[in-house]
Amino acid sequence: MAAESSFDVVSKLDRQEVDNALNQAGKELAQRFDFKGTGTTIAWQGEDGVEIRSGSEERAKAALELFKEKLVKRKISLKVLDPADEPKVSGKEYRLPIGLKEGITSEDAKKISKLIRDEGPKGVKAQIQGDELRVSSKKKDDLQSVMKLIEAKDFDLALQFVNYR
């Protein structure tokens, strides 16, 4: 009997790359002419968030676009960002909180598991393990087709496939 092959579906955030993108965006905000005198800054807000502060709403939104640019250059999916719809006004300052999403919720894991059961090849099993999903099968080809199936479906998550064995 053949041994089972498996891989894990996860949603992890490379904090070092996000930090690098944040630092690059901060440097560019300090140097660019269109941001001079607006008091626009970008910084970490706790473990799971970033905050943009600016003197005007337009500059806060422009700083968010700049941060997104830096993330894309570092190959980080924009699906990890959870920005507020509108900047909050605090005195004369606009604050734009941006949450960073990491991990697969049990609801999303159930959606992915259901997709694998309904549309995936027969004999493929999906198990929810905390904030990740283990997919296993006797055939490696089936696992690769499941990967393509998950990538084709647009979940609102930055998904990665790890521990392929």
Extend 7 Å from the Cα of Asp34 along its Cα-to-C-beta direction; within region 79-97, residues with backbone N under 11 Å of that point are none
Cα Rg, Dmax, region 26-165, angstrom units | 19.9, 62
Roughly what angle does helix 106-119 make with the longest principal axis of the chain, taking Cα atoms, 0 to 90 degrees, to the nearest 10?
-> 40
Assign one of three labels to region 1-108, namely rounded, prolate or oblate, based on the Cα gyration tensor with a ≥ b ≥ c the square roots of its eigenvalues; rounded applies when a/c is under 1.5, prolate when it is not and a/b is larger than b/c, and oblate otherwise.
-> prolate
What net charge is computed for the residues neighbouring Val162, neighbours being all others with C-beta under 15 Å from the C-beta of Val162, Lys and Arg scored +1, Asp and Glu -1?
-> -3
DSSP loop GluC sites (Glu not before Pro) in region 1-50 with at most 14 other Cβ atoms within 10 Å of their Cβ, which ones?
-> Glu4, Glu47
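Values quoted throughout were computed directly from the atomic coordinates according to the rules given, and no laboratory measurement underlies them. Just so you know, these numbers come straight off a predicted model, no measurement behind them. Glycine gets a Cβ as well: all are built from the backbone with ideal geometry, and neighbour counts include every protein chain shown.
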